[in-house]
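Report on the following structure.
The values are calculated or read from the model by the stated rules, or taken from the named source; none is laboratory data. Please read these numbers as outputs of a predicted model, since none were measured by experiment. Quick reminder, even Gly has a Cβ in these numbers, built from the backbone with ideal geometry, and neighbours come from all protein chains shown. Note: areas computed on protein heavy atoms with side chains; ligands, DNA, RNA excluded. Shrake-Rupley method; radii C 1.70, N 1.55, O 1.52, S 1.80 Å.
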Amino acid sequence: MKVLMIAPKTSTFINFRGDLIRDMVKCGCEVVVAVPESGYETVFEKLGAKQRLIHLEKNSLSVFGSLSYMTNLKRIMKEERPDKVFSYTIKPVIFGSLAAKLAKVPEIYSMVTGLGYLYAVDSAKTKLLRAICGMGYRLAFHFNKRVIFQNKDDITDFVKRHYLKREKCCLVDGSGVNLEIFKRNALPEDNHFLMVSRVLKQKGVLEYFEAAKMVKEVEPKAKFTYIGAIDQTSYSVKMEQLVPYIEAGIVEYIPETNDVAKYQSQARFFVLPSYYREGIPRTLLEALAMGRPILTTDTVGCREAVEDQVNGLFVKPKDAKDLAEKMLWMMRHPEDCIKMGEAGYELCKRRFDVRIINREMLSFMEI
């Protein structure tokens with residue numbers, strides 16, 4: 001059995017789906033991956049997969065570019081002749097599904113890993129783009145055997161919008177986390193907060209930086225680290241907005257890293273004040289795996305990984321003052337935070353272990 005997997009970004013595909021590739025290969029599948037960046041051939045070989053390069057401008061609205069992407073996907077499918085196609089994120093799902101139908105691939109599967117800023121922002125532009133994407137989703141899902149979601153809210157939303165019927169929907173608890181890579185360790189003594197995300201406004205980046213400033217005024221020894229590459233979209237936070245906090249020594253900024261686990265192990269608390277339409281944020285699962293108490297919002301996706309006052313605290317979206325107050329509470333209640341970290345780790349073992357998630361994924365794809 002041959003499976004073609006289509007991804008929007010090579011590095012995150014390896015981080016988020018590397019274990020899934022490995023498990024597919026263990027089941028006897030021949031795996032081909034269609035990705036936009038080169039330089040990862042050796043990594044895919046070690047995972048047991050074959051790499052096919054395909055150009056993708058993820059944030060482009062070009063009709064010609066999208067049609068070219070679909071045409072090239074169809075060509076790859078004709079050459080590889082897969083039995084199943086699996087894709088995730090908007091463009092791979094829509095154009096991958098259409099290409100697979102045109103290439104007469106027997107089975108088509110998609111995964112919705114959150115709805116993103118298109119469904120988190122109600123501007124004239126996003127409303128127009130939502131309408132266009134909705135038509136694309138509706139057409140693509142018509143050809144899918146199953147569509148896998150990461151939270152119930154997204155299923156409800158898509159079914160209400162008539163993108164697909166409920167019986168096609170499957171649910172998994174996020175992408176899962178590898179407990180061998182993100183190994184639990186004791187909470188450090190330092191009051192060190194960490195946030196990891198794309199540098200999007202809706203992730204709560206500015207609120208985190210401003211809350212850090214407020215806390216520093218009360219507790220100067222508190223430490224704050226932020227990891228995230230600047231996103232080249234109109235919804236990204238501009239670097240000049242972050243520079244004053246960085247230059248003042250309020251927040252340590254790390255543009256990108258291949259070793260998030262190292263920074264998770266150094267931090268005592270994890271923060272994600274997101275009001276983005278998440279699936280289930282992988283960064284929250286990584287923090288749970290390492291036994292970190294979490295500060296996040298009671299919003300779609302985030303609430304799937306956190307129970308308020310059990311393994312973390314909920315903060316109000318878009319409210320830096322509330323975030324700062326909850327940070328100070330955690331600093332002043334160390335015993336409660338230890339219990340929260342333990343509860344989060346137990347939850348992760350029970351629900352979010354990548355081995356559990358992948359078994360469900362393979363079952364839904366009939367592998």
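So here's what we get for this one:
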item: Residue in region 329-338 that is in contact (Cβ under 8 Å) with a residue 12 or more places away in the chain and either touching a Ser or Thr at 6+ places or on another chain (Cβ under 9 Å) or within 21 Å of Asp231 (Cβ to Cβ) (or both) present; result: no
item: Residues within region 73-94 that are under 17 Å from Val32 (Cβ atoms), within 26 Å of the chain's Cα centre (by Cα) and part of a helix (DSSP H, G or I), tallied; result: 2
item: Matching residues in region 16-50 - criterion: being within 24 Å of Lys91 (Cβ to Cβ), part of a helix (DSSP H, G or I) and in contact (Cβ under 8 Å) with a residue 40 or more places away in the chain; result: Phe16, Arg17, Asp19, Leu20, Met24
item: Matching residues in region 288-305 - criterion: being open to solvent by 10 Å² or more (accessible area, probe 1.4 Å) and touching a helix residue (DSSP H, G or I) at 6+ places or on another chain (Cβ under 7 Å); result: Val300
item: Scan of region 24-35 for residues that are of a type outside the set (Val, Ile, Thr) and surrounded by fewer than 18 Cβ atoms within 10 Å (Cβ to Cβ), ordered by number; result: Lys26, Cys27, Gly28, Glu30
item: Filtered residue count, region 306-341, keeping only those that are out of contact with any Leu (no Cβ under 9 Å at 6 or more places or on another chain) and crowded, with 24+ Cβ neighbours inside 10 Å; result: 0
item: Qualifying strands (runs of 3 or more DSSP E) (wholly inside region 98-207; at least 1 residues being without any contact (Cβ under 8 Å) to a residue 24 or more places away in the chain, aliphatic (A, V, I, L, M) and open to solvent by 40 Å² or more (accessible area, probe 1.4 Å)); result: 169-171
item: Some residue of region 66-79 being closer than 26 Å to Leu200 by Cα and open to solvent by less than 10 Å² (accessible area, probe 1.4 Å); result: yes
item: Yes/no for Thr42 being surrounded by fewer than 16 Cβ atoms within 10 Å (Cβ to Cβ), modelled with pLDDT of 90 or more, among the polar types (S, T, N, Q) and under 20 Å from Leu139 (Cα atoms); result: no
item: Subset tally (residues that are on the phi > 0 side of the Ramachandran plot and of a type in the set (A, V, I, L, M, F, W, C)) for region 19-56; result: 0
item: Ile54 vs. criteria more than 26 Å from the chain's Cα centre (by Cα), open to solvent by less than 30 Å² (accessible area, probe 1.4 Å) and closer than 23 Å to Met24 by Cα; result: no
item: Tally of residues being among the basic types (Lys, Arg), in contact with a Lys or Arg (Cβ under 8 Å, 6 or more places away or on another chain) and at pLDDT below 95 across region 245-304; result: 0
